[in-house]
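Single-structure report; data block below.
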Amino acid sequence: MSLSIANLLTMLVGRVPPQPPVVHSPSSGDDESRRIATTVRLEPQVKAFIEHYSNNMGMSVQDFIGMTLRSVMLATTTPKLTELELMLSRFFDVFAAHDVKTADIPLLLPPGTLTRADLENRERVINALNNDVLKHLSTLFKVNVSWLSGVSDKCYSSNETQRWYKATQGFSRRLLGHRLIKNVSKISVVFITNEEINLDWLREAMTKEDDIRAVDVTPIVIIESRVNGVELTSYELWAGERWNYINCRRDLKAMMLFCQRARITMDGISIPKERYKQFISEEVLIPVILQRPRRVWPIDDVVWNSDQNLELDELPAVERRFKEEKLDVLAEAFNRYYSLSNAENVAKGIELPLFD
């Protein structure tokens, strides 16, 4: 599970015996004599860490430390507030993970939700995070409302994950639907595997099928858009399936072929084992998962009509599936989306493209 700063400190503090009640006695001296010295020597790495986060959150180092310790105190001494603190933490986490500057956060919320000054006030932010705002953020970043509200550790839900097996036309329509949204500037797709996967592994999975362990491939659609003047990249998680199984593999190749012919940027991405486990658990945000280090494997090499394709013998069957699912029509529509005369119905999946 990916934990915020406050969560990590709360776990650490939780190992300490509970604090005894604090009793203030009138005879114990004035406030000056009871003040705690707050000058702290920090290791260079710790200092750099605190300065980085405080600067990016638009607050002073002192305010950042105070906010962090206060959240730990409340989470430790007042368990009923833990969920609210987690919701507050995830509110800022989801924007930070998607590279949205703190000053731009109000621009991505429903009008009148928060001002920039409100972001420094914990109570105002929590009070603003009603169900409608959480649903808005869920749609904007394509994450679970239950994760945003602090009641679930899963950023994404398997039940809501987009399915493509035996529904490759749905995948292609979805990409075309995204492209038809006015503020969307670019669509790209990455196919995720763990770090051990390369073209030889894929070939072995094809030939040996279930005689070797599953080689899973998971598509992620990346949508770049501009919302109220703010550049935003969101990530749509699709279901992962086995390259070992012939029908899943051919569907995956048909989707790759669609991306190639629609001139959609695509990559095969292999990520380290530990990060891949986090990815499968759906408890870490996708932009964090896609951070380097990572390796690229050449998708073109499994869909090109060339001797370079180690799986060339399967390409005719993939081409048949591509045409049966009308992916050729949808690829042309993606390339000429500005000419569609029935764009609204295409986006809704009601009918295939018609051109002016």
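The values are calculated or read from the model by the stated rules, or taken from the named source; none is laboratory data. Note that the coordinates shown come from a computational prediction; the quantities given were computed from them, not determined experimentally. Virtual Cβ from ideal backbone geometry, glycine too; neighbours counted across all protein chains shown.
Odds and ends about this structure:
Yes/no matrix, rows are residues, columns are (1) touching a Ser or Thr at 6+ places or on another chain (Cβ under 7 Å); (2) crowded, with 18+ Cβ neighbours inside 10 Å:
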{"position": "L129", "(1), (2)": "no, yes"}
{"position": "T139", "(1), (2)": "no, no"}
{"position": "W164", "(1), (2)": "no, yes"}
{"position": "G170", "(1), (2)": "no, no"}
{"position": "L175", "(1), (2)": "no, yes"}
{"position": "K182", "(1), (2)": "no, no"}
{"position": "I192", "(1), (2)": "yes, yes"}
{"position": "E209", "(1), (2)": "no, no"}
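- E241 falls short on exactly one of the conditions (1) at pLDDT below 95; (2) buried (at least 16 other Cβ atoms within 10 Å of the Cβ); (3) within 15 Å of the chain's Cα centre (by Cα), and that condition is (3).
- Filtering D313, D301 for residues that are on the phi < 0 side of the Ramachandran plot, over 27 Å from the mean Cα position of the chain (by Cα) and free of Cβ contacts under 8 Å to residues at least 12 places away in the same chain leaves a single hit, D313.
- Residue that is modelled with the highest pLDDT, among those in the stretch 118-176 that are within 19 Å of E241 (Cα to Cα) and among the basic types (K, R): R174
- The single condition among (1) among the basic types (K, R); (2) outside the structural domain of L285 (by TED's automatic domain parsing); (3) free of Cβ contacts under 8 Å to residues at least 12 places away in the same chain that K182 does not satisfy is (2).
- Residue within the stretch 316-331 that is of a type in the set (G, A, S) and out of contact with any helix residue (DSSP H, G or I) (no Cβ under 9 Å at 6 or more places or on another chain) present: no
- Only a single item in (1) within 20 Å of G240 (Cβ to Cβ); (2) in contact (Cβ under 8 Å) with a residue 24 or more places away in the chain is not met by Q291, and it is number (2).
- Test: residue in the stretch 279-293 that is of a type in the set (K, R), closer than 25 Å to V143 by Cα and in contact with a strand residue (DSSP E or B) (Cβ under 8 Å, 6 or more places away or on another chain): no
- Applying the set (1) at pLDDT 95 or above; (2) assigned to a helix (DSSP H, G or I); (3) surrounded by 13 or more Cβ atoms within 10 Å (Cβ to Cβ) to D63 leaves exactly one unmet item: (1).
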